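Student: Quick one: the structure is below, questions incoming.
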Amino acid sequence: MSQSSGELPSVEPPPGGPPSYGDQLAVVTVTYSPGDSLSAFLDSLRSATTRPYTVIMADNGSVDGAPERAAAERDGVELLRIGENVGYGSGANRGVAGLGPEVGWVVVANPDLVWTPGSLDELLAAGARTPRAGALGPLISDPAGAVYPSARLLPSLGRGAGHAVFGTVWPANPWTQAYRQSEACVEERDAEWLSGSCLLLRRAAFDSVGGFDSRYFMYFEDVDLGERLTRAGWRNRYVPSARVVHTGGHATTANPDISARMLAEHHRSAYRYLADHYPGPGWAPVRLALRAGLGTRSALAVRKASR
């Protein structure tokens, strides 16, 4: 059997044809009790771009008061109360949907990022010189300077199986290296998908594919978006001259139970993504094997995280 193609579930763009957008900038950040990291994110944005912008906090039910304080104390920062945890992609979709037609560029980013000076302007400049760039992503590092592989190849059965089996015990294995593009030069280039933790999106491109797929609660919504943008004729552009620092998930790392749940969700999303590529009765054995393998790996990872 050969891999199925052209049968991925699609999300239709809004009826009536694509709207015309202006060139204004908005930043959508999905919040869920972000703590002090939200202030650092908003502070760093001031030097990340010289352009005016609006920040929309799409809040998935925070209980720490951080989004409310930011909206009350800062100009140009608005709180969109979703009222429940609908997940990352759905939260981002709601934040983007409420923007006016004057906004043609949208940043979707985690609130636990710190922007380096001029980094957002670097992404905007790359978007201006690359007309078919639908999504642009910066170089992402941790606070110690280690670079996160944020511009990758799409997962496949071969790469996915090798990465799943050997990724933890043999990090330098060829499947993990290929998937993460670990040997790729740190230079501006196209990627098959970009990390959803920080994306500059051309709004016309984002709308043309219907935004993030709401079936993904968390994880793989960015992989799926990157693939659908490419299928629609857009480019995913990695721009390492723009740099951000990922300080770490406040809500996740502070609570082992949340961390374990997120690991389980990661594996569920991985199955959903891969299963979509192997539909129909003929691929049922493959989907069964995927479910069993990912289920076992998830259980082991959750057990380790819960210790």
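Just so it is clear, none of the values below were taken in a lab; they were calculated from the coordinates. Since the structure is predicted, the reported quantities are computational estimates derived from the model, not experimental observations. Note that each Cβ is placed from the backbone with ideal geometry, even for glycine, and that neighbours are counted across all protein chains shown.
Student: Can you list residues whose amide H is under 5 Å from A133's amide H, if they're 5+ apart or on another chain and H is modeled 1.01 Å from N?
Tutor: R235
Student: Follow-up question, since we're still on this one. Where does the charge balance sit around E68 when Lys and Arg score +1, Asp and Glu -1, over other residues with C-beta under 10 Å from its C-beta?
Tutor: -1
Student: How much net charge surrounds Y216 when only other residues with a Cβ under 11 Å from its Cβ are counted (Lys, Arg +1; Asp, Glu -1)?
Tutor: So the surrounding residues net to -3.
Student: Still on this model: What does DSSP give for the stretch 24-248 in terms of the percent of beta bridges that are antiparallel, rounded to the nearest 5?
Tutor: Values: 17 of 43 bridges.
Expressed as a percentage, antiparallel bridges in the stretch 24-248 total about 40.
Student: State, to one decimal in nm, how far the label point of E73 lies from the label point of S47, with both points 7 Å from Cα in the Cβ direction.
Tutor: 1.9
Student: What distance in nm separates the two pseudo spin-label positions at D64 and S241, each 7 Å out from Cα along the beta-carbon direction?
Tutor: Roughly 3.5 nm, to one decimal.
Student: Could you give the Stokes-Einstein D for the stretch 24-248 in µm² per second, using the C-alpha Kirkwood radius, 25 °C, 0.890 mPa s?
Tutor: 139
Student: Compute the distance in nm between two label points, each set 7 Å from the Cα along the Cα-to-Cβ direction, one at S214 and one at A289.
Tutor: Each label point lies 7 Å from its Cα, and together they span 3.5 nm.
Student: Sticking with this structure for a sec: Net charge around G226, counting only other residues with Cβ within less than 12 Å of its Cβ (Lys, Arg = +1; Asp, Glu = -1)?
Tutor: -2
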